[in-house]
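Below is one structure; the comments refer to it alone.
Only the coordinates and a few stated rules stand behind these numbers; no lab work does. This is a predicted model, so every value here is computed, not measured. Neighbour counts are summed over all protein chains in view; Cβ atoms, including those assigned to glycine, are modelled from backbone coordinates with ideal geometry.
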């Protein structure tokens, strides 16, 4: 028995151009009351543009938006919010120095604002959502997950009819994800409609009622979530089947690489309360995957090893490279010894946005001990750029293209190339495929494998289980600042790894 | 948004050319309409003041490209040269006086660099404090006079500021030389590339293994060295050094030259060419206003307006990046 559904929100022939370049072309989209609707697509497919139009952040170039049957036009996010559309951002939009309660009621304070009253109201709101957040804590003292809870609470408080989540799970631990999904279920029961953007396809399949897939600014398909599988989604997203290429390498297809000599050993390393007395070893010629939830100290451990962490926070322990103790105070010393760290935060600490691809790679070269002397050489720079863009298949118009203009995957390749020119012996990839389009993921995975085959010691840090399982010859699991388990690919399954990471 | 888009499209590549064009137009107008502008005497003054401003601009550019700033450059310029003259007056031999003067400048530069790079004080505050310290310390302990004159015995170095080569004043040749060396340093040496990298993204430069802290110290030392050179050129050109210049609006002129020319305060952009065009425009403008007898206070109004306009245009063309901007940096 099907009741004809009148959509809560409808977009008709919506298009958006940025300086003549079409980001969205004639998109039709509808959202029903009380449904969870996932929007999927590769980077640059137009997902963000679509939700920016919906949340009033950018105006559409053409087309109409109808809300509850009436045509609406948003002059800005504030107006969209008044219409009941709230957005929960990937980078949170809270004021760090204010308390949780103050943030919840920001812009809505009474003239005579009693803080106590606000705290009590905020407490009730947070409790009703079952969020374990202290309303008197300042936002800057909270982790990403809790900040997101505050954002969600704010949307709920504003009685939003539509809540848009942009990559809500990217920084959450699996436990927190579970909580988020429970909450989304509850919101759905309250007839709130939810738009859910994610790179994690399993999550979209698990949580959503309907799925819309975009590709190159075009609407590809909308349908019931039940009608999709991981494979069909990926095929629609990229127009070809990549799942196998990406994660198909089961342990039985390829034997794990055998360890060669021990390159790095870490003994009882500690830093504040993030890294607690952790010990492990890394061997040449294989990929060691470190899996752990966000906040389990993986990144921090890597940053200590590579000299990136500030020394003031260092609390002791022993890092040995080829058996001799090293304690790097700056990344420069580590790079000199062939230990490089490829960051998880490309834009923040990976590449130089005003520089070209060639210049970026060249900075890597002249920062290492590969090039003596003081003068730079245009010829070396060009040669490096040509060979590395070819090796890593960096797609840029030319090597003079600025890195900021490239897609996420190509930017990541440039950052990797910048590290590889330093001829490392130990290379640490931190979330190597975060925010990278599906096509480039496969290439980066192949590259990581090839590096291990060449005899490098490779560490891959990831919170994405399929990535860890398909890449690693050896899996370390990190929990609460410590390596708690070591698994061989034979014994590692999603269940065993996740079990070690959580309990 | 619209405004930003349009001006960006129009100006982003051409800021340099636009500024150069305005400078040339201004020069032509002044030559035609201002009596005495084109006279040999005035042109000499113009060239000399332009040279000093430009040389200081090169020093400032090293810092600004690395997303820093040096507010102490004028203090170092004035006080190191004044002390050199004072020592010479007191009977110290010229070479030794010059060496000691330079050591004063060098010390200020090194301390600036250490404060910024190792103590991690924002450049704005470190150099602001240093400006005050250098002026105060020099006046208190080293140079009791407000204006220090060149001793008669120092005629041996008078050619630096007052000489000519084939009719061209030496200061402008020195400006050209320093600009050329500065350009070569920024473009064709590794430390130069590192300065751009640091200005673009400090964290990325550090992780790449660039020697970020030594490079920051180097920037400050270069800036102080250039300040000392400029100070000696001024001192020999006018046979004196007026320490009050530290408290004048000269530091704003230097910043103006750099920003107006198109070196973004957000770092990583621009080069010595930008300093040259900025210098031309400001030099011509200041000289013209002086000839027109524009009141000093009104001159400051005009200067202030141009500086603000240049910074606004800069922030439209090179918007600050929330992600990589650091608290307290300029």
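Residues A:222, A:6, arranged from fewest to most other Cβ atoms within 10 angstrom of their Cβ, appear as A:6, A:222. Look at A:463, A:324 and count the other Cβ atoms within 10 Å of each Cβ; fewest to most, that gives A:324, A:463. With a Förster radius of 22 Å applied to the beta-carbon distance between residue A:178 and residue A:26, the computed FRET efficiency rounds to 0.05. Calculated mean residue ellipticity, 222 nm, chain B: -23500 deg cm²/dmol, from DSSP H runs (n ≥ 4) at -39500 (n - 2.57) each, averaged per residue and rounded to 500.
The residue B:238 and residue B:128 beta-carbon pair, evaluated with R₀ = 22 Å, returns a calculated FRET efficiency of approximately 0.20. The label point for residue B:33 and the one for residue A:127, both projected 7 Å from the Cα toward the Cβ, are 7.6 nm apart.
A crude spin-label estimate for the pair residue A:370 and residue A:116, with each label 7 Å from Cα along the Cβ direction, gives 6.6 nm. Over the stretch A:353-423, the hull volume per residue, using the convex hull of the C-alpha atoms, is 76 Å³. Mean silhouette area of chain A, derived from the convex hull of its C-alpha atoms and averaged over all directions, reads 26.4 nm². Each part reduced to its alpha carbon centroid, the stretch A:419-484 and the stretch B:107-166 end up 52 Å apart. Between residue A:326 and residue A:258, full extension at 0.36 nm per residue minus the direct alpha carbon distance yields a gain of 21.9 nm.
Counting only other chain Cβ atoms within 10 Å of each residue's Cβ, the peptide A:361-367 averages 6.
Distance from the alpha carbon centroid of the stretch B:13-87 to that of the stretch A:316-332 works out to 50 angstrom. Mean partner shielding of peptide B:305-316, defined as the number of other chain Cβ atoms within 10 Å of each residue Cβ, is 0. When chain B is treated as a Gaussian network with alpha carbon springs shorter than 10 Å, the biggest mean-square fluctuation among B:229, B:96, B:256 belongs to B:96. From helices alone, chain A scores -10000 deg cm²/dmol at 222 nm; the rule is -39500 (n - 2.57) for each run of n ≥ 4 DSSP H residues, then divide by the residue total. For the pair residue A:140 and residue A:66, the difference between a 0.36 nm per residue extended length and the Cα-Cα distance amounts to 22.9 nm.
The angle separating the long axis of helix A:438-453 from the principal Cα axis of greatest extent in chain A is about 20 degrees. Ranked by the mean number of other Cβ atoms within 10 Å per residue, highest first, peptides A:436-449, B:36-49, B:278-291, B:77-90 order as B:77-90, B:278-291, A:436-449, B:36-49.
Per-residue Cβ neighbour counts within 10 Å put B:70, A:166 in the sequence A:166, B:70, beginning with the fewest. Spacing of the modelled spin labels on residue B:159 and residue A:202, each 7 Å from Cα toward Cβ, amounts to 8.0 nm. The tail of the calculated P(r) for chain B, taken as Cα-Cα distances beyond 35 Å, holds 20 percent of the pairs. Peptide B:261-268 shows a mean partner chain C-beta count of 1 within 10 Å per residue C-beta.
With R₀ fixed at 56 Å, the C-beta to C-beta distance from residue B:45 to residue B:118 puts the FRET efficiency at about 0.85.
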